[in-house]
Amino acid sequence: MSITQPSLSANDTKTVRGFTLLELIVVICLVAILGATALDRLFWYQGQAEKASMDYTATMIKSGLWMSTANLMMANRNADIPTLAAQNPINLLAQKPENYLGELNPDNIGSLASGNWFYDHAKHQVVYIVEYRQNFTPDIAGDYTVKYGMQVLYGEMELASGNKVSYITGVALVPLSKYSWY
């Protein structure tokens with residue numbers, strides 16, 4: 001008993017057809033458009049993550065300043081508070097940020113690696129160098145840094161005699177740079 005294959009006629013065969021050149025070009029264009037959109041979103045999210053990290057570090061520095069001011073006030077050392085505003089506030093942190101370069105007197109900020117913090121010893125400023133600059137617009141063209149300074153805050157109280165007395169309420173970390181980061 002042998003099994004034989006029936007012979008196929010020319011009408012029974014099906015031709016297998018591939019992509020045409022036009023279909024292939026359309027698919028490649030669609031993939032390219034989707035890829036470009038995804039990359040644009042990725043860069044935007046990288047910038048937003050960097051901004052959030054910078055804001056978090058600035059908040060931690062503010063907390064360190066407030067805690068140190070409170071300690072001086074509790075020790076009745078209010079006269080020492082203005083000197084706190086002239087010191088490096090990053091030294092007040094229990095743990096310095098990993099991207100902290102140290103106390104510098106930079107002549108050329110452009111030579112420093114972006115995405116890092118440093119303390120400008122000459123100007124008494126905390127400076128962050130922006131890394132992802134696509135959505136960062138500085139007020140001064142080409143200045144991709146965010147600068148913070150320390151400021152002693154004063155309050156005023158009126159005494160029963162009608163005299164007003166000024167007193168220190170704290171030390172704040174204030175932004176010195178104007179920018180928009182969207």
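The values are calculated or read from the model by the stated rules, or taken from the named source; none is laboratory data. All of these numbers come straight from a predicted model, not from anything done at the bench. Using ideal geometry, Cβ is built from the backbone for each residue, glycine included, and neighbour counts are taken over all protein chains shown.
Under 12 Å from Val171 (Cα atoms) and of a type in the set (Gly, Ala, Ser): is that true of Gly102 in this structure? Here the answer is no, as Gly102 does not meet what is asked.
For segment 1-40, a residue qualifies if it is at pLDDT below 90 and either touching a Phe, Trp or Tyr at 6+ places or on another chain (Cβ under 9 Å) or part of a helix (DSSP H, G or I) (or both), and exactly one does: Asp40.
Tallying residues that are in contact (Cβ under 8 Å) with a residue 24 or more places away in the chain and not in a loop (DSSP other than H, G, I, E, B) within segment 121-144 yields 6. Taken over segment 44-76, the residue count meeting the criterion of being touching a Pro at 6+ places or on another chain (Cβ under 9 Å) and among the β-branched types (Val, Ile, Thr) is 2. Only one of Ile140, Ile81, Ile90, Ile129 is closer than 30 Å to Asp40 by Cβ and surrounded by 17 or more Cβ atoms within 10 Å (Cβ to Cβ); which? Just one listed residue meets the conditions, Ile129. Answer yes or no as to whether Asp107 is free of Cβ contacts under 8 Å to residues at least 40 places away in the same chain and surrounded by 17 or more Cβ atoms within 10 Å (Cβ to Cβ). Against the criterion (free of Cβ contacts under 8 Å to residues at least 40 places away in the same chain and surrounded by 17 or more Cβ atoms within 10 Å (Cβ to Cβ)), Asp107 does not qualify.
Taken as a whole, the structure places Ala94 among residues that are over 16 Å from the mean Cα position of the chain (by Cα) and either of a type outside the set (S, T, N, Q) or at pLDDT 90 or above (or both).
Filtering segment 147-164 to residues that are free of Cβ contacts under 8 Å to residues at least 60 places away in the same chain, out of contact with any His (no Cβ under 7 Å at 6 or more places or on another chain) and not in a loop (DSSP other than H, G, I, E, B) leaves Lys147, Leu153, Tyr154, Gly155, Glu156, Met157, Glu158, Lys164.
The single condition among (1) assigned to a loop (DSSP other than H, G, I, E, B); (2) under 17 Å from Thr59 (Cα atoms); (3) of a type in the set (S, T, N, Q); (4) out of contact with any strand residue (DSSP E or B) (no Cβ under 8 Å at 6 or more places or on another chain) that Asn91 does not meet is (1). For Asp80, the conditions (1) out of contact with any strand residue (DSSP E or B) (no Cβ under 6 Å at 6 or more places or on another chain); (2) free of Cβ contacts under 8 Å to residues at least 60 places away in the same chain; (3) of a type outside the set (Lys, Arg); (4) more than 26 Å from Thr69 (Cβ to Cβ) are fulfilled apart from (4).
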